[in-house]
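The values are calculated or read from the model by the stated rules, or taken from the named source; none is laboratory data. Not measured: the values here are computed from a predicted model. Cβ coordinates were reconstructed from backbone atoms using ideal geometry, including for glycine residues, and neighbour counts include every protein chain displayed.
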Amino acid sequence: MTDAWFEVQHFPHGITMIREPHQSEDVKSYLVEGERDVAIIDTGTGAGDFPGLVASLSSKRPRVLQSHGHWDHAGHSHAYDEVLIHPTEVEWLRGGFPAQRYIAAFSPGQADVEFIPAGFDPSGGMRGTEATGTIEHGDLIDLGNPRTRFMFNFGAGGSAAIFRRGLARNLVLESAVRTDGSLADTVVLTPAEGEMRLMPPEMGTLHGRLDVQGADYMAERLGAVSLANFVGVISEAVERSGHALSDLRFLGITHMKASFFREILAAVGLTPDQARDEASYRVMDRLAGLAGAVEVAGRTGYVTLDMSPGYGMSGVVIAMLAMLNPLAVVAAAIFVAGMLVGADSMSRAVAVPTYIADVIVAIALICMLVATLLTQYRIRR
């Protein structure tokens with residue numbers, strides 16, 4: 001059973017994606033089959049017969065796990081008996097979504113109206129849902145545990161690219177990835193409270209958190225393999241691109257101690273003058289870390305899986321508005337923040353669509369880019 005509003009894609013290991021491609025958010029929900037139950041990760045926009053589709057895909061008992069309470073992820077949660085969500089999102093889920101904004105979400109330009117299922121009427125708004133329980137399993141890192149500091153000192157991921165100087169457009173020539181399985185058993189998830197297994201004394205008493213066993217071995221092993229692995233992966237990426245290390249003229253690595261950074265430079269035959277000054281990265285890291293600390297301390301008090309909703313893209317816009325001037329970044333950030341917070345407040349008070357802030361910020365960015373372009377030309381008499 002399905003209809004044109006949904007697209008279904010099956011993956012290995014009992015995972016199914018339910019996509020709603022005809023709404024501008026391009027919402028994706030997931031089913032994960034267990035032995036007895038099927039976990040429903042988010043319940044879509046509320047359009048179409050989502051519960052009927054889920055029932056046709058799995059006969060197991062459904063358990064809804066909401067990633068958060070926004071309308072485009074919780075539209076059908078009210079149809080299920082068991083709905084779990086993080087404690088910080090309970091009010092969002094309970095509040096539903098107002099009719100005016102719900103109607104706008106399915107208007108021309110926001111949705112392909114010819115695909116909207118017959119009988120679906122957004123004029124009543126989206127029903128709120130009372131959560132039957134909470135999910136706190138995303139809080140896996142204890143910020144007070146020095147053994148796991150590498151998990152929050154580093155970012156969410158990393159990337160590498162090879163660029164050619166002077167080109168208006170650069171392509172990633174090649175990439176390489178290397179892992180070391182010898183450390184696979186050092187990072188563990190401590191048993192849940194009440195389980196019979198006892199944690200090693202070095203891990204303290206926190207249950208259900210990521211921790212490191214054999215911290216001394218981990219430090220020793222990292223020291224033995226890190227330099228060879230870093231140099232190896234750099235060499236492999238360069239060679240795959242059809243070049244040799246002797247052709248390399250610049251290297252930029254983030255999240256690296258200065259002493260180890262210099263070791264890598266020496267190993268690949270570069271001097272500090274041919275590398276990005278790692279001190280600038282450390283300054284940016286500290287500023288980003290400060291922003292993250294304020295976000296965590298001010299909102300939730302602990303790390304969650306969805307604590308960064310689009311800050312990276314906002315940062316790009318702010319940097320462009322400020323023309324990469326560090327002082328101007330402050331003013332640009334206040335402007336963008338004022339637009340976003342103001343639009344959210346206006347939305348709650350008088351039902352003004354929140355995307356008006358995106359429109360205003362986009363217009364300001366376009367004006368800045370056009371002005372920058374025009375300053376490169378001079379009118380001649």
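Quick one: Glu278 ticks every box in (1) surrounded by 13 or more Cβ atoms within 10 Å (Cβ to Cβ); (2) charged (D, E, K, R); (3) modelled with pLDDT of 60 or more bar one, so which box is it?
Evaluating Glu278 over (1) surrounded by 13 or more Cβ atoms within 10 Å (Cβ to Cβ); (2) charged (D, E, K, R); (3) modelled with pLDDT of 60 or more leaves (3) as the failure.
State all residues of segment 82-103 that are surrounded by fewer than 17 Cβ atoms within 10 Å (Cβ to Cβ) and out of contact with any strand residue (DSSP E or B) (no Cβ under 8 Å at 6 or more places or on another chain); if no residue qualifies, say none.
Glu91, Arg94, Gly95, Pro98, Ala99, Gln100, Ile103, listed by residue number.
Would you confirm whether any residue within segment 45-63 is in the same structural domain as Arg101 (by TED's automatic domain parsing), at pLDDT below 95 and within 19 Å of the chain's Cα centre (by Cα)?
no
Results for (1) under 17 Å from Ser175 (Cβ atoms); (2) at pLDDT below 80; (3) out of contact with any helix residue (DSSP H, G or I) (no Cβ under 7 Å at 6 or more places or on another chain); (4) not basic (Lys, Arg), shown as yes or no for each residue.
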position: Glu193; (1), (2), (3), (4): no, yes, yes, yes
position: Pro200; (1), (2), (3), (4): no, yes, yes, yes
position: Asn229; (1), (2), (3), (4): yes, no, yes, yes
position: Ile253; (1), (2), (3), (4): yes, yes, no, yes
position: Leu265; (1), (2), (3), (4): no, no, no, yes
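Name the pairs whose Cβ atoms lie under 7 Å apart, with the first residue in segment 227-249 and part of a loop (DSSP other than H, G, I, E, B), the second of a type in the set (A, V, I, L, M) and surrounded by 13 or more Cβ atoms within 10 Å (Cβ to Cβ), and 6 or more positions between them or separate chains?
Ser241/Ile162; Ser241/Leu173; Ala244/Val238; Leu248/Val238; Leu248/Val268; Leu248/Leu270
Considering segment 1-18 alone, what residues qualify as being within 23 Å of the chain's Cα centre (by Cα) and crowded, with 16+ Cβ neighbours inside 10 Å?
Within segment 1-18, Thr16, Ile18 qualify.
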